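Notes to accompany the following structure.
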Amino acid sequence: MTAKRSIRVLVVDDSPTMANTLTALLTEEPRIEVVGRAGDGNRAVQLARLLRPDVITMDLLLPGLDGPAAIAAIMSQSPARILVVSAVAEERGVDLGFQAMSAGALELIGKPNVSNGEELRKWGRDLAHSVCLMAEVPVISRRPRTGVTPPPPTGARVDVFGIVASTGGPPALADVLTKLPKDFPVPLLIAQHITVGFTQGMVRWLSQVTPLKVDIAKEGERLEPGRVYFPLDGHDLLVDAAGLARLQRSKGGPCPSGDVLLASLASVFGRRSGGVVLTGMGEDGARGLLAIRNAGGVTFSQDEASSVVFGMPRAAIELKATDQGVPLASMPELILQSCSLPGFRGGGGPSR
């Protein structure tokens, strides 16, 4: 039997101490080989071209080229799977993280903020697991924007829309939200899987690129049209029987939970609920999307060609929660059409 090839990793960090720590933690995983280290952005671009690593761990606050600029150069010259490993305590670093994802990074991971060796080793095991998962993701230097768009939705107008995303999700969310009008007629609720500490940065970043008002949901607040709601770090977002926002501590698994969000929309809004599952690993969102479909609502999932990772959209299609994948470029128009159908009675509250 032929042994599996090791996963070749390039570590980019301007702190020699952190680079040594990352190297030691990653190489505790037998499948991982650290093939190079870079302490600045220009060197990272050079080594990415020379070594062709499978995965790059990338700091953001670098001398020379900063992280987003280095990532953009790497993705244009020698595309690779890039995981940002950044200090969440630094606001500028968090904001740069979302610029890095726009440039082609796949994930954001907070640097360890731990007080003992066992906690550090656990963080290292989680990082190594993420590296191994990312190594299986196809390298995409430029997302295709073509595909077959399904016909416009028919039926009752949608009063609320939920969107679920994971790996590759922030840039996909930005693609959708930037193309929706400021007077978008319903609220949008988002479940984007993300490391604790990065949610507020994502909200700031999206607020800069979309005409919609983007914010962290407050417990018990009434949902308003034209607003985009995210949960607090470590919480799931859902709606109660009165259609008010509710936040609950995550019970494990993907966080925030797409299934929890979409199932609550189906239960409260019925056929006037809508849901989308975007790019991501695993199956989160598929069951919630099926609940919306079974309630008579509108459902879409991203197609394979435009997904960074087709796992979650594929799960939704295989569960028959939606008929087919939709190109990301077509998603904003379909969402807008489903929220602008004739026959809407008004009122803004839950209805079936």
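The values are calculated or read from the model by the stated rules, or taken from the named source; none is laboratory data. Keep in mind that what you see is a predicted model, and the values were worked out from it rather than measured. Cβ: placed from backbone, ideal geometry, glycine included. Neighbour counts: every protein chain shown. We work out accessible area using only protein heavy atoms, side chains counted, and drop any ligands, DNA or RNA first. Shrake-Rupley method; radii C 1.70, N 1.55, O 1.52, S 1.80 Å.
At a glance:
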quantity	calculated
Filter result (of a type in the set (D, E, K, R), open to solvent by 30 Å² or more (accessible area, probe 1.4 Å) and within 28 Å of Gln208 (Cβ to Cβ)) within the stretch 228-245	Asp233
Filter result (open to solvent by 50 Å² or more (accessible area, probe 1.4 Å), closer than 20 Å to Gly110 by Cβ and touching an Asp or Glu at 6+ places or on another chain (Cβ under 9 Å)) within the stretch 1-19	Asp14
Matching residues in the stretch 315-335 - criterion: being open to solvent by 30 Å² or more (accessible area, probe 1.4 Å) and closer than 25 Å to Phe269 by Cα	Ile317, Glu318, Leu319, Lys320, Asp323, Gln324, Glu333
The stretch 42-69 residues that are on the phi > 0 side of the Ramachandran plot, paired with ones that are of a type outside the set (D, E, K, R) and surrounded by fewer than 23 Cβ atoms within 10 Å (Cβ to Cβ) (beta carbon under 7 Å, 6 or more apart)	Arg52/Ser78; Gly64/Asn42
Pairs with Cβ under 7 Å, 6+ apart, first in the stretch 181-203 and at pLDDT 95 or above and among the β-branched types (Val, Ile, Thr), second open to solvent by 10 Å² or more (accessible area, probe 1.4 Å) and part of a loop (DSSP other than H, G, I, E, B)	Val186/Asp159; Val186/Pro225
Selection from the stretch 95-123 of residues that are closer than 17 Å to Leu65 by Cα and not in a loop (DSSP other than H, G, I, E, B)	Asp95, Leu96, Gly97, Phe98, Gln99, Ala100, Met101, Ser102, Ala103
Which listed residue is open to solvent by 40 Å² or more (accessible area, probe 1.4 Å), under 17 Å from Val139 (Cα atoms) and either under 19 Å from the mean Cα position of the chain (by Cα) or free of Cβ contacts under 8 Å to residues at least 24 places away in the same chain (or both), from Ser102, Ser76	Ser102
Residues within the stretch 257-299 that are open to solvent by less than 10 Å² (accessible area, probe 1.4 Å) and not in a helix (DSSP H, G or I), tallied	9
Residue that is open to solvent by 10 Å² or more (accessible area, probe 1.4 Å) and within 28 Å of Arg121 (Cβ to Cβ), where the choices are Asp66, Asp54	Asp54
Filter result (open to solvent by 10 Å² or more (accessible area, probe 1.4 Å), touching a strand residue (DSSP E or B) at 6+ places or on another chain (Cβ under 9 Å) and within 24 Å of Asp175 (Cβ to Cβ)) within the stretch 81-95	Arg81
